[in-house]
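Beneath this line is the structure, given in structure tokens, with notes to follow.
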Amino acid sequence: MSRDDDEILAVAREGFLDEAGDMLRQFEQALLVMEEHPQDSENLNAAFRAAHTIKGTAGLFGFEAVVAFTHEAETLLEHLRSGTLAVDEHVTQLLLRSRDQMEALLDEVRTGARDAAVAEVSRTLGAELRAAAQAAGGQPVEVVAEAPALQTADAVAAGPWLLSLRFGPDALRNGLDPLAFLRYLESLGRVAGIRLLTEHIPSLAALDPESCHIGVELRFDSAASRQDIEQVFEFCADDCDIAILEPQADASQRLALLERRAPQDEALHLLLSQTWQSFGFALAPAQEAVQGAAPPPTIDPVATPVAPSPVAATPAPAAPVAAAAAPARRPGDDTRFIRVRADKLDHLIDLIGELVIASSGAQLVAQQEASAAFMEAALRIEGLVEEARDGALGLRMVPVGDTFSRFQRVVRDLGKQLGKDVELVITGGDTELDKSMVEVIADPLMHLVRNSMDHGLETPEGRQAAGKPAAGKLRLNAYHEAGAIVIEVGDDGRGLNRERILAKAIERGLVPAHADLADEDVDQLIFLPGFSTAEQVTNVSGRGVGMDVVKRNIESLRGQIRVYSRPGKGATMQIRLPLTLAMIDGFLTQVGGVCYVLPLEIVSECIDVPEACSRDAHRVSGCFDLRGEVLPWLDVAAFYRHAPAPQTPNGRRSLVIVRDGMKRVGLIVDRLMGEHQTVLKPLSPIFRHLRAIAGSTILGSGEVALVLDVPALVSSAVLHTTRSFTPPPHLAVSSSGLQPALSGDA
């Protein structure tokens, strides 16, 4: 095999594994819904289709271990569909375990390694699946490696079916292999006669290699039902015109099909009638008389394609068969997807970022040159760059609901393990988030879900004693707010026990013995490393490892996590994340000769600095009255210890009102410089001692500006203002309250 062939197969294999992963998620989702609603046949059919697709595609690549095991699960699903077996907890558990085993087998395909333990699970679990099927009245099924469906002597000897197939022009483009369906068909019986129609294949000069122009006529001997045969072609129904005549069909039905296949083509009419007669199918007497002069050709029951007739020497301009096979435009044409490598997309985002910086430089030069035409062209480029930026960033946005749906299995299994009845409620699943952030946020969400089920929700007996329904509710919600995405994990359980949390923190020396902490600060203690209130270590929690990692992962995404708890009513963990990590619309300010950027979406308004906020070298923060509302303020120059800035042209500084969730704070800056498209660049680790800095960006002039971490500034302003307590040396202020200080923190 050539190197090119190896590369093609490798790409096809990766495509199969990606598709199989999607099918596994559909399989699991359908099973979980089926368990709750056993009478809903649609979910059962969805699970069967997913398993059927995995098995059939794996067979094309020769992955026999996947084929053999998946067939066992598919057989059990077929008993459920036929009604010989009822959906119960045991059957659902078997199928969910089968899903996990299919994933393990696919991982072996991906890595190329073989594990004896995986093979043993396939053997034992396969035996359990067969036992469940036999208990329903089924018979042991022998697995056929290449086409893993049942093939019996009765099927071979059964009456003949006439199958007339016309594959549409887009069949190959949509990834369909006509030969694969014919091979799989043999698993239900025997193909006793076949004729490949090539009459409408155009000449080589006019041939489009991606278009399909073939049709197939075949005699199929099988005892299978019509439904079983139709299911073979279920996945190509949109790209194939399928006609199936049952063994008991009479000659008039065959004549009607003949007129449909060749309404105005006498040569094709003659060819089809001769082919069908050679298969042993009689036509109407009058039709037989017309064709009597031409003896039917002899066709090998397992024949290779017959040579095309002379009418195929020239391209057929508008074949009626092709027109019937597939419409010129299918409803799903506008929603086709193209897989793109993530690194290529990241490179595109980087290029757009550099284009944004170059556009800012062009505007600066236009201002310096005082050229109206130059400035107009620069502004036009800026508008196009902004559209390109939004379009490129939109390519990386994916619905967060795909991540949420993975937790249905976790909630089900963990609920049974803990003896708790839990209902998972998912809302806002269509909210979109940057794909790179989705991959990072999955693990923190997993820990929050497990923590909520273990610590938050009570047992059914405990809930009833508290006057609650026996079944607890776990909520996953997502929505957009002020240019950020908010993800919430909430429950209606017991809530946080703040007295116990504070006692544990004092016991472990995490806070002073006589600290007087606000409720919000007590809630943040659960994110300290090694903190746990569990009385004993289990396989779910209790080791004090997890919540600190959750917080660290979220803050690595420039996000923050907050806790909202009501004793006896439940708790909600709220995660706030930026929409993207690449580029933002910023608001440019200057303090002490250094440029600082604020995310534009969190800026509420800008006002002159009130007299109550006058500059004092020894004063970093305070409070002021904004139209009857008392808000804290923070002097950015004093916070970062800038030398007093030279007087601005109007001699006045400005107060920028920013909001962080429900909080509003005023930030005092020296100059306001307007909106600025900001390309975020990470800071070098040597600058990690800088507080409340989210990153950097490059201005059009080539200068470096710092991007402010507004949640951290807000927390600092509140802390400096309230001064409810003095944190011990090993704690420092972060975007979410208290955390262990990093080496070198100011």
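The values are calculated or read from the model by the stated rules, or taken from the named source; none is laboratory data. Keep in mind that what you see is a predicted model, and the values were worked out from it rather than measured. We place every Cβ from the backbone using ideal geometry, glycine too, and count neighbours over all the protein chains shown.
Quick notes on this one:
- Residue list for the range 550-578, filter: over 30 Å from Ala466 (Cβ atoms) and buried (at least 16 other Cβ atoms within 10 Å of the Cβ): Asn553, Ile554, Glu555, Leu557, Arg558, Gly559, Gln560, Arg576, Leu577, Pro578
- Condition met for Met547 (within 30 Å of Leu414 (Cα to Cα), surrounded by 16 or more Cβ atoms within 10 Å (Cβ to Cβ), modelled with pLDDT of 85 or more and of a type outside the set (Ser, Thr, Tyr)): no
- Options Glu78, Glu42: the member that is without any contact (Cβ under 8 Å) to a residue 40 or more places away in the chain and closer than 22 Å to Ala127 by Cβ: Glu78
- Subset of the range 235-270 [in a helix (DSSP H, G or I) and of a type in the set (A, V, I, L, M)]: Ala237, Ala251, Leu255, Ala256, Leu257, Leu258, Ala267, Leu268, Leu270
- Answer from Arg659, Arg619, Arg652, Arg641 - the residue that is surrounded by fewer than 22 Cβ atoms within 10 Å (Cβ to Cβ), part of a strand (DSSP E or B) and at pLDDT below 85: Arg659
- Test: Val356 is modelled with pLDDT of 50 or more, in a helix (DSSP H, G or I), within 36 Å of the chain's Cα centre (by Cα) and closer than 29 Å to Gly391 by Cα: yes
- Odd one out for Gln647 among (1) modelled with pLDDT of 75 or more; (2) assigned to a loop (DSSP other than H, G, I, E, B): (1)
The rows are residues; the columns are (1) more than 20 Å from Glu230 (Cβ to Cβ); (2) in a helix (DSSP H, G or I); (3) outside the structural domain of Leu24 (by TED's automatic domain parsing).
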{"residue": "Met34", "(1), (2), (3)": "yes, yes, no"}
{"residue": "Gln39", "(1), (2), (3)": "yes, no, no"}
{"residue": "Asn45", "(1), (2), (3)": "no, yes, no"}
{"residue": "His52", "(1), (2), (3)": "no, yes, no"}
{"residue": "Leu60", "(1), (2), (3)": "yes, yes, no"}
{"residue": "His71", "(1), (2), (3)": "no, yes, no"}
{"residue": "Ala86", "(1), (2), (3)": "yes, no, no"}
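- Taking the criterion of being under 41 Å from the mean Cα position of the chain (by Cα), surrounded by 17 or more Cβ atoms within 10 Å (Cβ to Cβ) and of a type in the set (A, V, I, L, M, F, W, C), the residues of the range 197-213 that qualify are Ile201, Cys212.
- Elements of type helices (runs of 4 or more DSSP H) in the range 136-234, at least 2 residues being at pLDDT 80 or above: 178-185, 226-232
- For the range 247-278, the tally of residues that are free of Cβ contacts under 8 Å to residues at least 24 places away in the same chain and either of a type in the set (A, V, I, L, M, F, W, C) or touching a Phe, Trp or Tyr at 6+ places or on another chain (Cβ under 9 Å) (or both) stands at 1.
- For the range 57-73, the set of residues classified as in contact (Cβ under 8 Å) with a residue 60 or more places away in the chain and surrounded by 22 or more Cβ atoms within 10 Å (Cβ to Cβ) consists of Gly59, Val67, Thr70, His71, Glu72, listed by residue number.
- Boolean, Asp491 is in contact with a Leu (Cβ under 6 Å, 6 or more places away or on another chain), among the acidic types (Asp, Glu) and surrounded by 13 or more Cβ atoms within 10 Å (Cβ to Cβ): yes
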